1. Out of the residues in region 296-307 that are buried (at least 24 other Cβ atoms within 10 Å of the Cβ) and within 13 Å of ligand 1 (Cβ to nearest atom), which is farthest from Ile319 (Cα to Cα)?
2. Given the conditions (1) touching a Cys at 6+ places or on another chain (Cβ under 6 Å); (2) within 16 Å of ligand 1 (Cβ to nearest atom), which single one is not true for Phe180?
3. Which of the residues belonging to region 197-226 are in a strand (DSSP E or B) and within 10 Å of the chain's Cα centre (by Cα)?
4. Answer yes or no: is there a residue in region 383-406 that is under 23 Å from Ser166 (Cβ atoms), at pLDDT below 95 and surrounded by fewer than 21 Cβ atoms within 10 Å (Cβ to Cβ).
5. Go through region 262-282 and give me each residue that's open to solvent by less than 10 Å² (accessible area, probe 1.4 Å), assigned to a helix (DSSP H, G or I) and more than 15 Å from Lys393 (Cα to Cα).
6. What are the residues in region 199-219 that are buried (at least 22 other Cβ atoms within 10 Å of the Cβ) and away from ligand 2 (no atom under 16 Å from the Cβ), if any?
7. Going by what's in this entry, would Ala144 be described as away from ligand 2 (no atom under 16 Å from the Cβ), at pLDDT 95 or above and within 14 Å of the chain's Cα centre (by Cα)?
8. Working only within region 218-251, note down all residues that are among the β-branched types (Val, Ile, Thr) and within 16 Å of ligand 1 (Cβ to nearest atom).
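The values are calculated or read from the model by the stated rules, or taken from the named source; none is laboratory data. All figures in this text were calculated on a predicted structure; none of them were measured in a lab. In this analysis, Cβ positions are derived from the backbone assuming ideal geometry, glycine residues included, and neighbour counts consider all displayed protein chains. Calculation scope for accessible area: heavy atoms of the full protein, side chains included, ligands and nucleic acids excluded. Shrake-Rupley method; radii C 1.70, N 1.55, O 1.52, S 1.80 Å.
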Amino acid sequence: MPRRSYNDESVVATFTEENNSKKKYMSPRSVRLASHDKTRVAYFHDEGVGNYHYGERHPMKPHRLTLTNHLVLNYGLHDKMEIFQPRRATDSEILEFHADDYVDFLKRVTPDNAEQFEQVFSKFNVGDDCPIFPGIYEFCQRYAGATIEAARKLIANGADICINWSGGLHHAKKCEASGFCYVNDIVLGVLELLRYFPRVLYVDIDIHHGDGVQEAFYSTDRVMTVSFHKYNGDFFPGTGHIDEIGSSLGKYYSVNVPLRDGIDDVSYVWLFKEVIDAVIGTFQPSAIVLQCGADSLGCDRLGCFNLSIGAHGKCVQIIKEFKIPLLVVGGGGYTVRNVARCWTYETSILVDTELSNDLPPNEYIDFFRPDYQLHPHLSGRLNNMNDRQYLLKVRERVMEQLRYLDGAPSIQMQEIPPDIQGFLDGDAELRDAEDDSEIGKEHRRRREVMAEAEWYEGDDDNDGEAVDSVWAEDS
Ligand code: V1D
Ligand code: CA
């Protein structure tokens with residue numbers, strides 16, 4: 001019998017009662033023809049970020065970032081994108097989300113002076129999962145700086161897609177570390193994006209629930225968070241029940257997709273596509289942040305899913321195809337060689353380049369023994385506990401939740417209000433200084449949208465025109 005693939009329509013049909021569920025949703029405004037032929041990808045890699053050590057027995061190994069970067073370079077993918085050595089995040093950038101006393105603690109504490117701080121360890125949740133290691137704050141500044149710079153690059157329309165594999169530390173909270181995460185670079189990146197983009201979608205395919213990001217935006221309708229994760233009430237961090245849907249203005253804007261052990265490629269990609277098509281059709285995000293935690297792969301040291309690198313990458317491709325400004329970050333992933341393979345493959349998807357399954361020679365080639373392949377066999381080692389009935393039920397619950405948002409006034413956009421328009425008209429000096437070049441036009445358009453977005457910030461009643469994607473032109 002031929003193997004089923006997640007691209008196969010008949011497989012999708014096995015999960016769908018009727019195949020027309022998407023028709024209920026408007027097509028997103030931002031799905032347009034690209035205004036330029038080639039997708040512009042910017043890659044942010046800090047040379048030093050892989051040199052930090054959580055500890056010998058700790059599963060988080062920043063060295064996986066060095067390994068990933070080596071594969072990316074040795075496959076020649078750097079020729080297909082712009083490469084940036086990001087600067088470190090400043091204290092004040094980190095303080096945009098985190099509390100003063102917590103940041104002060106991270107800055108001061110070292111393994112040598114740790115005993116002076118023992119009385120606040122439980123308050124800031126440092127210990128086994130989140131140990132104090134040399135250079136802890138610098139490490140945070142490096143991965144957070146890269147995410148912030150990547151967000152700014154998207155705002156400046158300097159790229160269509162930005163990649164920071166060192167980011168994606170989705171568990172960190174305002175006042176505490178959690179699950180190997182100290183500073184939440186995703187929250188900082190989304191806050192940056194919200195300065196310009198009216199609505200930001202966050203999608204999380206790490207096997208753990210993206211609790212820190214969900215919590216930060218739980219009561220706003222400008223950020224929709226969607227996490228796919230293992231859930232049984234016990235698996236870390238214990239949150240992510242399907243009934244966690246947001247509160248206040250943010251009610252229905254948190255989407256949780258709880259899964260059981262052993263989910264396979266076909267089931268995962270099918271459910272991912274169903275949920276994401278509906279979410280994007282309904283929410284119409286102006287930018288997307290995708291967290292690509294690689295602990296959802298089969299054979300992960302901490303994970304218990306059954307995904308291949310191909311299926312994980314397919315989720316990245318599904319998001320990419322919406323052609324909405326995209327920030328891609330890393331996250332978990334504890335079988336180091338597979339993390340490097342996965343994020344290299346996903347880089348190749350983002351730059352539209354096919355890679356040979358034979359890994360290129362590189363100084364870390366021994367990590368990839370014995371097969372030296374990009375796509376080792378990872379699936380099929382665990383029973384899939386997500387049967388068809390369960391998957392259909394989860395899909396139906398998510399669709400039900402999204403139906404509450406269909407046509408909700410708060411997610412629609414309005415014309416530039418007259419007072420803002422007056423302000424823009426009066427901004428003559430700036431406008432006169434601009435030429436008629438494409439860059440000049442783009443700057444003017446961005447200033448207008450920026451003013452519009454600021455106006456939305458303090459307004460609950462915004463019903464009107466959507467802002468066009470900056471990536472795409474009207475079709
Ligand atoms: F196995 C370990 C060995 C040493 C230190 C920690 C661990 C370990 C494994 N799993 N810690 C965990 C998880 N913690 C607990 C705690 C036990 N307590 C009562 C809670 O189960 C934490 C798993 C964190 C996963 C992080 C992540 O993959 O989601 C991630 N995403 O971005 C960065 C990291
Ligand atoms: Ca997740």
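1. Gly303
2. (1)
3. Correct list: Leu201, Tyr202, Val203, Asp204, Thr225, Val226.
4. no
5. Selection gives Val269, Ile276, Ala278, Val279, Ile280, Gly281, Thr282.
6. Result: Arg199, Val200.
7. yes
8. Selection gives Thr225, Val226, Thr239.
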